[in-house]
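To start, the structure itself, in structure tokens.
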Amino acid sequence: MALRRMQVTDVRCLHQGDIEFDSQFTLISGPNASGKTSLLEAIYVLGRGRSFRTRRLEHLIRTGADRLIVFGETDDAVRRVTLGVEASAKGVQARLGGQRVESLADLAAALPVQIIDPEVHRLIEEGPSRRRRFLDWGVFHVEPSFVGHWQKYHQVLRQRNAALRSGQPVALVSAWDAELSRYAGLLTDARSRYVELLAPIAKQVAESLLGMELSLGYRPGWLRELEFPQALERSWRHDQELGSTQVGPQRAELTIKLDGVPARDRISRGQQKLLAAVLLISQIKLLKEDAAARPVLLLDDPAAELDMDRLTAFIAEVRAQPLQLVVTTLNKDVTEFGAFGRPGRRYRLEQGAIFGE
């Protein structure tokens with residue numbers, strides 16, 4: 001299934017808009033500050049229930065409005081599925097097929113969406129939490145049961161941390177340890193399996209785009225030589241002092257090395273952007289081609305981020321994947337985009353208004 005249509009109301013500078021997407025390639029052009037990135041952000045919200053630019057969804061609400069609404073339709077030759085997200089100062093509501101969803105993971109399953117934008121280097125440059133989110137999105141799409149285990153682990157973790165903060169004795173705090181250990185094992189095993197699947201794909205793509213040897217690894221969030229219950233026991237004093245659990249999957253890390261050296265220590269900002277793109281493309285390649293929903297890849301003005309040779313190689317990798325592309329550009333006639341193929345649909349944005357071409 002592909003994203004066919006989206007209606008946007010009061011998302012940043014976009015007052016109201018209705019756009020239909022091609023199943024393969026839609027091109028969005030317009031000057032700076034016209035709303036191109038905001039349109040991509042609306043698509044991302046539809047598939048994630050959150051933004052890639054801010055943690056607070058209400059910050060996307062257009063000035064003067066009290067709420068934002070994004071509505072979309074995915075379909076194929078057999079059926080149509082509707083998705084909707086509404087955000088206001090009161091919170092966020094999401095619907096799938098007209099029914100309210102309790103977990104935003106339901107949106108992700110219906111509309112898998114990733115973005116490569118000018119801030120993509122943050123996946124490499126920033127701390128482990130961003131890489132954990134990247135990893136968990138991929139694990140969920142390969143093992144859908146993962147999200148339930150993730151939610152249960154964090155629920156138990158909150159209970160244990162609450163006991164630590166209130167100064168409970170070790171016997172009461174450790175009452176949560178058996179259940180915490182169970183779900184920690186499930187999360188760690190699923191993440192480790194996923195990294196093993198992702199690593200050879202990413203290595204191949206990195207060789208093509210970076211000309212360097214990429215290796216991925218997974219650190220579970222505690223010393224490898226210890227079982228998790230042992231790690232909890234050893235961490236007790238530290239946990240007690242800080243009032244929170246200091247070991248576990250919430251402190252895990254996806255390790256990234258190029259030619260045997262940690263990537264953050266080796267490469268420039270431009271190379272970080274390309275490496276992050278390598279990881280995102282590899283993640284999409286790993287999704288099953290027969291998945292119910294086709295992955296949507298959002299590219300925010302890629303010509304501005306890469307030189308001609310790397311852009312050509314990057315486009316070749318993207319076009320080889322079974323995905324739906326939505327690309328923004330300042331100049332719709334820029335020659336580099338010829339390698340994407342002919343856009344099925346073109347739109348132009350001007351001052352927050354969407355015009356078909």
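Using a simple spin-label model with pseudo-atoms 7 Å out from Cα toward Cβ, Ser23 and Glu213 lie 4.3 nm apart. The trypsin sites (Lys or Arg not before Pro) found in segment 203-277 that occupy coil by DSSP, while having at most 12 further C-beta atoms within 10 Å, are Arg224. Set against the 2.2 N^0.38 Å expectation for a compact globular protein, segment 124-286 has a Cα radius of gyration ratio of 1.15. Length available on full extension from Glu253 to Glu196: 0.36 nm per residue minus the Cα-Cα distance, which gives 19.1 nm. Please identify which residues in segment 8-24 have an amide N closer than 14 Å to a label point set 7 Å out from the Cα of Arg67, following the Cα→Cβ vector. Residues passing the 14 Å test: 9-11. Extension gain for Ser166-Thr312 works out to 46.8 nm (0.36 nm per residue, less the C-alpha to C-alpha distance). The slack between Arg130 and Trp236, meaning 0.36 nm per residue of separation minus the straight C-alpha distance, is 35.5 nm. For Gln16, what residues show an amide H to amide H distance below 5 Å, using hydrogens built from the backbone and excluding near sequence neighbours? Close amide H contacts, sequence-distant or interchain: Asp10. Between segment 195-221 and segment 124-158, the C-alpha centres lie 19 angstrom from each other.
Take the Cα of Asn32, step 7 Å toward its Cβ, do the same at Arg346, and the gap between the two points is 2.4 nm.
Phi angles across segment 243-257 convert, under the Karplus curve 6.51 cos²θ - 1.76 cosθ + 1.60 with θ = phi - 60°, into 3J(HN,Hα) values of x, 7, 6, 9, 10, x, x, 5, 10, 5, 9, 8, 8, 10, 10 Hz, Gly and Pro given as x.
What the Cβ-Cβ distance of Arg182 and Arg79 gives, at R0 = 35 Å and to the nearest 0.05, is a FRET efficiency of 0.40. Dividing the summed -39500 (n - 2.57) terms of all DSSP H runs of n ≥ 4 by the residue count of the chain sets its mean residue ellipticity at 222 nm at -12500 deg cm²/dmol.
When only the Cβ of Lys, Arg, Asp and Glu is charged (+1, +1, -1, -1), the dipole of the chain relative to its Cα centre reaches about 660 debye.
Using θ = phi - 60° in the Karplus curve 6.51 cos²θ - 1.76 cosθ + 1.60, the 3J(HN,Hα) couplings for segment 9-16 round to 10, 6, 9, 6, 7, 8, 6, 8 Hz; x is entered for Gly and Pro. At 37 °C and 0.692 mPa s, what whole-number value in µm²/s does Stokes-Einstein give for the translational diffusion of the chain, with Rh from the Kirkwood sum over Cα pairs? Here the translational diffusion coefficient equals 151 µm²/s.
All of the numbers you see were taken from the coordinates with simple rules; none came from a lab. Small disclaimer: the values here were computed from a predicted structure and weren't measured. Glycine gets a Cβ as well: all are built from the backbone with ideal geometry, and neighbour counts include every protein chain shown.
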